[in-house]
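Read the structure below first, then the notes.
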Amino acid sequence: MTTQLKIRRAGERGHADHGWLNSWFSFSFAEYYDPRHMGFRSLRVINDDRIAPGGGFPTHPHRDMEIFSYLLAGQLAHKDSMGNSRVLNPGEIQMMRAGSGVQHSEFNPSATEPAHLLQIWITPNQRNLKPAYTEWVPAAGHENDVKTLVISPDGRDGSASIAQDASIYLLKLQPGNQASHSLAAGRGLWLHVATGSLLVNGVSLSAGDAVSCEEAGEIEISAIGEAAQAILFDLG
């Protein structure tokens, strides 16, 4: 059977525009505080960030958080205290385990083009882990697969690994494409629409909208009228 969904519309999120950074917050973050939206299970942050050309976050610390960024448009330059230096391109994910402590910076290296990304934080199942960095890029010929496991606890199927009971899927649907997901009993699902429009169990969703459920059953997903991308979280 299909499950009932809770809807969180894009316009209900927190918002901050700093000029160089325009962000929408799915959950309480920085100066945005909403006790009704502090996170969902281990999912703590989904920030929908647009970084102006040349803008970025100077070196700053993190600890005890699993952090990943999914780039939707433009480029993102990453440097960290583990010695990693990388420019992320659209369709790629970088995953950083802050663990016992790490410092990093993120900048838009372009002088002309904005960068658009989702920054996502998940609380780990252990504190003081050794910091680590990895990347996920789609396998050749699979860049436009409808549903791809990109992050998992065990790194299965070529996914990046995370220190949490969380399986995270990237959805890329063209008009007419369909995907499905079976949510097991005792687990929770959060689906965030990154671009385009989707129909999820009969609910129409646009970019920035999200749905959640904690009832076992089937989630049916299809694109509406244009190509769409979404991130699906299956959380213990």
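The values are calculated or read from the model by the stated rules, or taken from the named source; none is laboratory data. It should be emphasised that the depicted structure is a prediction, and the values quoted were computed from it without experimental measurement. FYI the Cβ positions are ideal-geometry reconstructions off the backbone, even for glycines, and counts take in every protein chain you see.
Things worth noting here:
- Close Cβ contacts (under 6 Å, 6 or more residues apart or on different chains) running from residues in the stretch 133-148 that are within 10 Å of GLY91 (Cβ to Cβ) to residues that are charged (D, E, K, R) and not in a loop (DSSP other than H, G, I, E, B) comprise ASN144/LYS172.
- Count - residues of the stretch 29-50 that are out of contact with any Leu (no Cβ under 8 Å at 6 or more places or on another chain) and part of a strand (DSSP E or B): 4
- Test for ALA139: is it of a type in the set (A, V, I, L, M), more than 22 Å from ARG9 (Cα to Cα) and touching a helix residue (DSSP H, G or I) at 6+ places or on another chain (Cβ under 7 Å): yes
- Any strands (runs of 3 or more DSSP E) falling wholly within the stretch 124-236 and containing at least 2 residues that are touching a Ser or Thr at 6+ places or on another chain (Cβ under 8 Å) and closer than 20 Å to ASP48 by Cα: 147-152, 166-173, 188-195, 197-200, 203-206, 228-235
- The residues listed here are SER161, SER152, SER105; of these, the one that is farther than 30 Å from GLY225 by Cβ, more than 17 Å from the chain's Cα centre (by Cα) and either at pLDDT 95 or above or surrounded by fewer than 18 Cβ atoms within 10 Å (Cβ to Cβ) (or both) is SER105.
- Subset of the stretch 196-214 (residues that are within 20 Å of TYR70 (Cα to Cα) and surrounded by fewer than 17 Cβ atoms within 10 Å (Cβ to Cβ)): SER206
- From the options PRO53, PRO58, residue that is surrounded by fewer than 17 Cβ atoms within 10 Å (Cβ to Cβ) and either in contact with a His (Cβ under 7 Å, 6 or more places away or on another chain) or outside any strand (DSSP E or B) (or both): PRO53
- The residue that is nearest to LEU183 (Cα to Cα), among those in the stretch 1-41 that are touching a His at 6+ places or on another chain (Cβ under 8 Å) and among the hydroxyl-bearing types (Ser, Thr, Tyr), is SER26.
- Every pair of residues 6+ apart whose Cβ atoms lie under 7 Å, when the first sits in the stretch 119-132 and is surrounded by fewer than 15 Cβ atoms within 10 Å (Cβ to Cβ) while the second is assigned to a loop (DSSP other than H, G, I, E, B) and hydroxyl-bearing (Ser, Thr, Tyr): ASN128/SER100; LYS130/SER100
- The set of residues in the stretch 79-92 being touching a Leu at 6+ places or on another chain (Cβ under 8 Å) and either surrounded by 20 or more Cβ atoms within 10 Å (Cβ to Cβ) or assigned to a loop (DSSP other than H, G, I, E, B) (or both) consists of LEU88, ASN89, PRO90, GLY91, GLU92.
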